[in-house]
1. So what J values fall out for segment 245-255 if you push phi through Karplus, 6.51 cos²θ - 1.76 cosθ + 1.60 with θ = phi - 60°, rounded to Hz, Gly and Pro as x?
2. Please go through the residue pairs 200/250; 200/248; 142/200; 175/200; 86/175 and name each one whose alpha carbons sit more than 18 Å apart in this structure.
3. For segment 62-219, compute the orientation-averaged projected area of the C-alpha convex hull (one quarter of its surface), in nm².
4. Collect residues whose amide H, placed 1.01 Å from N in the peptide plane, falls under 5 Å from the amide H of residue 203; neighbours closer than 5 in sequence don't count.
5. Between residue 100 and residue 166, how high is the FRET efficiency from 1/(1 + (r/R0)^6) when r is the Cβ-Cβ distance and R₀ = 30 Å? Nearest 0.05.
6. Evaluated at 20 °C with a viscosity of 1.002 mPa s, what Stokes-Einstein diffusion coefficient in µm²/s does segment 147-270 have when Rh comes from the Kirkwood expression over alpha-carbon pairs?
7. Give the accessible area for residue 148 in Å² (nearest 10); use a 1.4 Å probe, count only protein heavy atoms, and leave out ligands, DNA and RNA.
8. Contour minus end-to-end for residue 111 and residue 72, with contour as 0.36 nm per residue of separation and end-to-end as the Cα-Cα distance?
Amino acid sequence: MKLKFVLNSKQQWELKQQTRNWLELPYDVMANILYRVGVCDILLNAQKVCTTWRNICKDTAMWRVINMYNVFYHKNGRPLMQKMCKHAVNRSQGQLVDITIEDFANPQLLRYISDRASQLRRLEFVYCYGETYESWAGSLRKFPLLEELSIYLTDISTGVIVAAGRFCPMLTTLKINDEMVAPCGNVIAVAIGKNLPKLKHLELIGSFMTNTGLQAILDGCRHLELLDLRQCVYIDPEEDLVKKCLEKIKCVKLPYDSLEGCRYVFVDEPIADPAIV
């Protein structure tokens, strides 16, 4: 015999009461939910659901922080990602303070952002190989309020460090990790020491710099509170210089410390002896 479950009137009433009309949610709550959906889903889907959601998605406050990665997981998706990123930057109406771009940046996009984001405090580029090399210096001059610059697996030169020191007086955090930059460890380290004296947080994971480069950083960056030297295998931990780091800097991560917690890490065997400056 088959049994059929039938809700009584009270149970039916309770189920009906649990039904929620999303349009009745307070504006700030709905905005918070939509923000968590992500830039691509907002532009491709969420804003098309209804007029209320579209109005929320066009609010300038929704675009003060932009975090975008290539959702197509292929270089052929980069043009669409660049187009969406420009659209997101436009919606910020000059109020953009924080942007992360992964695997689709090019020089034109970097210049586009710099022309429209003079309030930018934090800039992070990830997996942008060889495409923005020449445009960094010109763009950094338009970020006078920049406080944090993170560059992962993205080619740069000492010119970027010089430009950051000249045009970004509020820069206190620098993070660099790239296999093309790593062999130039001492050159980059010397540039940092000469041009970025206000740094408090410096990450150079995987750099090929030696104690020569480390000395240049200690001499020039006297306000460091955190120094990340993980996978900097050419640094001699037995020398007094490393002990000096541990005494003067609140938090020092040594070459063979765990990489746990690192979002983007390039680690490889050295391919040549590092140049000693």
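The values are calculated or read from the model by the stated rules, or taken from the named source; none is laboratory data. Keep in mind that what you see is a predicted model, and the values were worked out from it rather than measured. Cβ: placed from backbone, ideal geometry, glycine included. Neighbour counts: every protein chain shown. Note: areas computed on protein heavy atoms with side chains; ligands, DNA, RNA excluded. Shrake-Rupley method; radii C 1.70, N 1.55, O 1.52, S 1.80 Å.
1. 4, 5, 7, 9, 10, 4, 10, 10, 9, 7, x
2. Numbers: 200/250 10 Å; 200/248 12 Å; 142/200 22 Å; 175/200 11 Å; 86/175 25 Å.
Beyond 18 Å: 142/200; 86/175.
3. Values: hull surface 33.5 nm².
Approximately 8.4 nm², given one-decimal rounding.
4. Amide H to amide H, under 5 Å and 5 or more residues apart or across chains, residue 203 pairs with 174, 175, 176, 228.
5. Working: r = 24 Å, r/R0 = 0.80.
Working from the Cβ atoms, E equals 0.80.
6. Details: Rh = 14.1 Å.
My calculation gives 152 µm²/s for D.
7. Roughly 40 Å² of residue 148 is accessible to a 1.4 Å probe.
8. Values: separation 39, 0.36 × 39 = 14.04 nm, distance 2.33 nm.
Contour length minus the Cα-Cα distance gives 11.7 nm.
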